Amino acid sequence: MSEILIVYYSYSGNTKRIAEIIKRKTGGDLFFTFPNPQYPKDSIDTLEVSKHQKANKQLPELTKKLESLDSYKYIFIGTPNWWSTMTPPIQKFLNTYDLSNKRIIPFITHGGGGVANIIKDMKLICDKSFFLKELSVIDNETEFVEQRVEYWLNEILHTN
Ligand SMILES: Cc1cc2nc3c(=O)[nH]c(=O)nc-3n(C[C@H](O)[C@H](O)[C@H](O)COP(=O)(O)O)c2cc1C
């Protein structure tokens, strides 16, 4: 069994693409993907729904559950930047599972805003976890992404 778990939420596919590269290169379990995130197909509507959720601190229910995280040492957490923070399904995941003493490795895709408050907000929820260096990828970056992921993985997994 792998000691690596890759958890992500992706609305339009950019974060999913990075998650799949990580899976290919690490052999980790790509376990939890929020197949039914309950967001509208139209991204303008999604902007409105997620803005409302953020304002009202509402989090969607998780549609898939993990039995146990015991065997995992490294947990990659992938999310797009939404309203300068993580997506509500990822926030719900971090609130639901105890990630104490795990090594958390965030990966973020964004439309130009970078990681914004994402790492800070993750650390507030997971205050007993160890955070390793995150990867941040702009949504229109396709060239060299594979090499960037590889370089980043070598750096974090061989020194932690
Ligand atoms: C509801 C919503 C809110 C967003 N808010 C931001 C933002 O605050 N800053 C930013 O840089 N990009 C923002 N974006 C752009 C996404 O972060 C970016 O396109 C990302 O790569 C999408 O990842 P995905 O394809 O995995 O869903 C937003 C996109 C959506 C749909």
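Taken together, the values in this text are just the output of simple stated rules run on the coordinates, not laboratory data. On a predicted model such as this, the values are computed, not experimentally measured, just so you know. Using ideal geometry, Cβ is built from the backbone for each residue, glycine included, and neighbour counts are taken over all protein chains shown.
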Item to complete: For segment 105-160, enumerate the residues that are among the β-branched types (Val, Ile, Thr) and touching a Pro at 6+ places or on another chain (Cβ under 9 Å).
Response: Ile108, Thr109, Val115, Ile118, Ile119
Worksheet item: Can you tell me which of Ser10, Ser43 is free of Cβ contacts under 8 Å to residues at least 60 places away in the same chain and hydroxyl-bearing (Ser, Thr, Tyr)?
Response: Ser43
Worksheet item: Would a scan of segment 65-78 turn up a residue that is within 12 Å of the chain's Cα centre (by Cα), within 11 Å of the ligand (Cβ to nearest atom), surrounded by 13 or more Cβ atoms within 10 Å (Cβ to Cβ) and not hydroxyl-bearing (Ser, Thr, Tyr)?
Response: yes
Item to complete: Determine whether segment 105-113 contains at least one residue that is of a type in the set (Val, Ile, Thr) and within 16 Å of the ligand (Cβ to nearest atom).
Response: yes
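Identify all residues within segment 1-18 that are more than 9 Å from the ligand (Cβ to nearest atom) and within 12 Å of the chain's Cα centre (by Cα); write none if there are none.
Narrowing segment 1-18 to residues more than 9 Å from the ligand (Cβ to nearest atom): 1-7.
Within segment 1-18, Leu5, Ile6, Val7 meet the criteria.
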Worksheet entry | Considering residues of segment 131-149 that are more than 12 Å from the ligand (Cβ to nearest atom) and loosely packed, with under 14 Cβ neighbours inside 10 Å only, the residue nearest to the chain's Cα centre (by Cα) | Lys133
Response to the item:
All-but-one check, Lys120 against (1) more than 16 Å from the ligand (Cβ to nearest atom); (2) within 16 Å of the chain's Cα centre (by Cα), failing number (1)
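Among Gln58, Gln38, which is the only one that is farther than 16 Å from Thr96 by Cα, surrounded by fewer than 18 Cβ atoms within 10 Å (Cβ to Cβ), free of Cβ contacts under 8 Å to residues at least 40 places away in the same chain and more than 10 Å from the ligand (Cβ to nearest atom)? Steps first, answer last, please.
On the way: Gln58 fails: farther than 16 Å from Thr96 by Cα.
None of the other options fit; the residue is Gln38.
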Worksheet item: Got a number for residues in segment 46-55 being under 24 Å from Glu141 (Cα atoms) and either touching a residue at least 24 places away in the same chain (Cβ under 8 Å) or more than 13 Å from the ligand (Cβ to nearest atom) (or both)?
Response: 1
